[in-house]
1. Of the conditions (1) part of a helix (DSSP H, G or I); (2) within 30 Å of residue 84 (Cβ to Cβ); (3) out of contact with any Gly (no Cβ under 9 Å at 6 or more places or on another chain), residue 25 satisfies every one except a single condition; which number is it?
2. Have a look at 171, 165, 260 and point out the one that is over 25 Å from the mean Cα position of the chain (by Cα) and either closer than 20 Å to residue 13 by Cβ or surrounded by fewer than 17 Cβ atoms within 10 Å (Cβ to Cβ) (or both).
3. Quick check on my filter: what residues within the stretch 45-99 are over 23 Å from residue 126 (Cβ atoms), of a type in the set (A, V, I, L, M) and exposed (fewer than 13 other Cβ atoms within 10 Å of the Cβ)?
4. Consider the stretch 94-145. How many of its residues are within 24 Å of residue 246 (Cβ to Cβ) and of a type in the set (Asp, Glu)?
5. Name the one entry in 79, 50 that is more than 11 Å from residue 145 (Cβ to Cβ) and either under 18 Å from the mean Cα position of the chain (by Cα) or not in a loop (DSSP other than H, G, I, E, B) (or both).
6. Is there any pair with a first residue in the stretch 178-189 that is closer than 16 Å to residue 20 by Cα and a second that is of a type in the set (Lys, Arg) whose Cβ atoms are under 7 Å apart and which are 6 or more apart or on different chains, and what are they?
Amino acid sequence: MAVTNVAELNALVERVKKAQREYASFTQEQVDKIFRAAALAAADARIPLAKMAVAESGMGIVEDKVIKNHFASEYIYNAYKDEKTCGVLSEDDTFGTITIAEPIGIICGIVPTTNPTSTAIFKSLISLKTRNAIIFSPHPRAKDATNKAADIVLQAAIAAGAPKDLIGWIDQPSVELSNALMHHPDINLILATGGPGMVKAAYSSGKPAIGVGAGNTPVVIDETADIKRAVASVLMSKTFDNGVICASEQSVVVVDSVYDAVRERFCNPRRLSVAG
């Protein structure tokens, strides 16, 4: 059922809530099977999803988005596949404490137009690994790509035994629906990736929120730096996916003693690379 208004959103939340309650009772073995299947499906779709993201949003480079999708699926899986997320995690006889893993509930996932598929893959996978459910509010200019990525993960999870409504999304996103989702009483956590306004809205929602957005990322190059490598690294980072990554360098601070050499290499990177 498509979600295009608040009433349909409320109905979606109810379905997702029911699915999450069921998923919360799954064993670690069941969760890990679902996590693996979902990650493999996302990795297999990394190329078509990258093409879809660039075509719809008009931003980025297909080859670089393939890398991002690959990282968000295979690398994230390998990083967390052995992490225990169900039941007793540890016991401390000295302090008489037991640490038990429990899911948060329903997560609101805000997804930007700059990383519409990789962000959806990443947030879906970490939600599955931790027995949480997630509902996505995609950016209007990349909604089809984001929702397709979410659906690929969901279908693979269902095939591996997950409840059918564990991942949801808004089909026709708007500011009204995003705010309604963030303020919904059944939302337990907001993972917001986007511009300053969206991140601020998440932090102002009254819900626990983790916000990520573009920053004024500086680089300092001093006399101890390998200038050739430093300049090449900045150029590679800043041009990766046409510079839409939030962590891309935004400014370079250079000490006086190497300023001329650094400036020359930035202005003539190809000629100086040949010259050594």
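1. Failing condition for residue 25: (1).
2. The match here is 260.
3. If the condition is that a residue be over 23 Å from residue 126 (Cβ atoms), of a type in the set (A, V, I, L, M) and exposed (fewer than 13 other Cβ atoms within 10 Å of the Cβ), then 55, 98 are the ones that fit.
4. 1
5. Going through 79, 50 in turn, the sole match is 79.
6. 186/17; 187/207; 189/207
Each row is one residue, and each column tells you yes or no for (1) among the hydrophobic types (A, V, I, L, M, F, W, C); (2) not assigned by TED's automatic domain parsing to the domain that holds residue 68; (3) not in a loop (DSSP other than H, G, I, E, B).
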position: 187; (1), (2), (3): yes, no, no
position: 190; (1), (2), (3): yes, no, yes
position: 200; (1), (2), (3): no, no, yes
position: 223; (1), (2), (3): no, yes, no
position: 229; (1), (2), (3): no, yes, yes
position: 237; (1), (2), (3): no, yes, yes
position: 240; (1), (2), (3): yes, yes, yes
position: 246; (1), (2), (3): yes, yes, no
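Yes or no, residue by residue, for (1) in contact with a strand residue (DSSP E or B) (Cβ under 7 Å, 6 or more places away or on another chain); (2) part of a loop (DSSP other than H, G, I, E, B); (3) surrounded by 21 or more Cβ atoms within 10 Å (Cβ to Cβ):
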residue	(1), (2), (3)
108	yes, no, yes
116	no, yes, yes
122	no, no, yes
143	no, no, yes
147	yes, no, yes
155	no, no, no
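The values are calculated or read from the model by the stated rules, or taken from the named source; none is laboratory data. None of these values were measured; they are calculated from a predicted model. Because the Cβ atoms are built from the backbone with ideal geometry, glycine has one as well, and the counts that use them run over all protein chains shown.
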